[in-house]
1. Tell me, yes or no, whether the range 32-49 has at least one residue that is in contact with a Cys (Cβ under 7 Å, 6 or more places away or on another chain) and either among the aliphatic types (A, V, I, L, M) or exposed (fewer than 12 other Cβ atoms within 10 Å of the Cβ) (or both).
2. In this structure, is CYS122 open to solvent by less than 40 Å² (accessible area, probe 1.4 Å) and under 22 Å from ASN23 (Cβ atoms)?
3. Of these, GLU110, GLU61, GLU76, which one is open to solvent by less than 80 Å² (accessible area, probe 1.4 Å), in contact with a Cys (Cβ under 7 Å, 6 or more places away or on another chain) and charged (D, E, K, R)?
4. If only one of THR49, THR53, THR74 is more than 17 Å from ILE138 (Cα to Cα) and under 15 Å from the mean Cα position of the chain (by Cα), which one is it?
5. With the condition being touching a Pro at 6+ places or on another chain (Cβ under 8 Å), I'd like the strands (runs of 3 or more DSSP E) fully within the range 49-161 carrying at least 2 qualifying residues.
6. Of the residues in the range 74-90, how many are of a type outside the set (A, V, I, L, M) and out of contact with any strand residue (DSSP E or B) (no Cβ under 6 Å at 6 or more places or on another chain)?
Amino acid sequence: FSNLQIDNDGTEGTLEYRLQAVNKSGVSSGKKNVSLWHDITLVHLDDETDQPTPYLNFVNEIPKFSRKKYEIATDEEGNPIKQDEKKGVLREFKKGDIFFNYGCLPRTWEDPTHVHPDAEGCRGDNDPLDVCDIGMRICSPGEVRPVKVLGILCMIDEGEA
């Protein structure tokens, strides 16, 4: 992902602020938007051989030791990262900073019509699959890195899994 760059658009701390992934050496203008949800492969490919590795790609949305709730804007062109909002108010974790990088797996989707029997009647949240990266490194929003799956847990937020 050496050709990937994250550009800031707007003023941080506002509803309009976006982080857009771009290819540094794109078509005529020099940059081309990259969807962190659709254009990044789920399976990590070796940089030298372009062959699949045993790892999955992780797209970081919320850095470890922070509290702003950033997320991929699944309903916007190019799927930039934005700060989540509820009723026009930017959302943050209320109980302090989180102790892991939080993000998603690209090219995945939690189906809102599916109710899993172990999810207490909750449906998918219509977003990419969530990931908690418990490594030592602090990742920036939009950073893509290979991860190894250690386990699975269902996180329920306001009735959505």
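1. Initial filter on the range 32-49 (in contact with a Cys (Cβ under 7 Å, 6 or more places away or on another chain)): none.
So far as the range 32-49 goes, no, none of its residues is in contact with a Cys (Cβ under 7 Å, 6 or more places away or on another chain) and either among the aliphatic types (A, V, I, L, M) or exposed (fewer than 12 other Cβ atoms within 10 Å of the Cβ) (or both).
2. Here the answer is no, as CYS122 does not meet what is asked.
3. On the way: GLU110 fails: in contact with a Cys (Cβ under 7 Å, 6 or more places away or on another chain); GLU76 fails: in contact with a Cys (Cβ under 7 Å, 6 or more places away or on another chain).
The unique qualifying residue is GLU61.
4. Numbers: THR49 fails: under 15 Å from the mean Cα position of the chain (by Cα); THR53 fails: under 15 Å from the mean Cα position of the chain (by Cα).
Of the residues listed, the single one that is more than 17 Å from ILE138 (Cα to Cα) and under 15 Å from the mean Cα position of the chain (by Cα) is THR74.
5. Working: elements: 52-62, 70-72, 81-83, 101-104, 130-133, 144-147.
It comes to 52-62, 70-72, 101-104.
6. Quick first cut of the range 74-90, residues of a type outside the set (A, V, I, L, M) only: 74-80, 82-88.
Still in the running and out of contact with any strand residue (DSSP E or B) (no Cβ under 6 Å at 6 or more places or on another chain): 74-77, 85-88.
Selection size over the range 74-90: 8.
The values are calculated or read from the model by the stated rules, or taken from the named source; none is laboratory data. Predicted model only: the values in this text are computed from it and were never measured. Methodologically, a virtual Cβ is constructed for each residue, glycine included, from the backbone with ideal geometry; neighbour enumeration extends over all protein chains shown. Quick note on the areas: whole protein, heavy atoms, side chains included, nothing else; ligands and nucleic acids left out. Shrake-Rupley method; radii C 1.70, N 1.55, O 1.52, S 1.80 Å.
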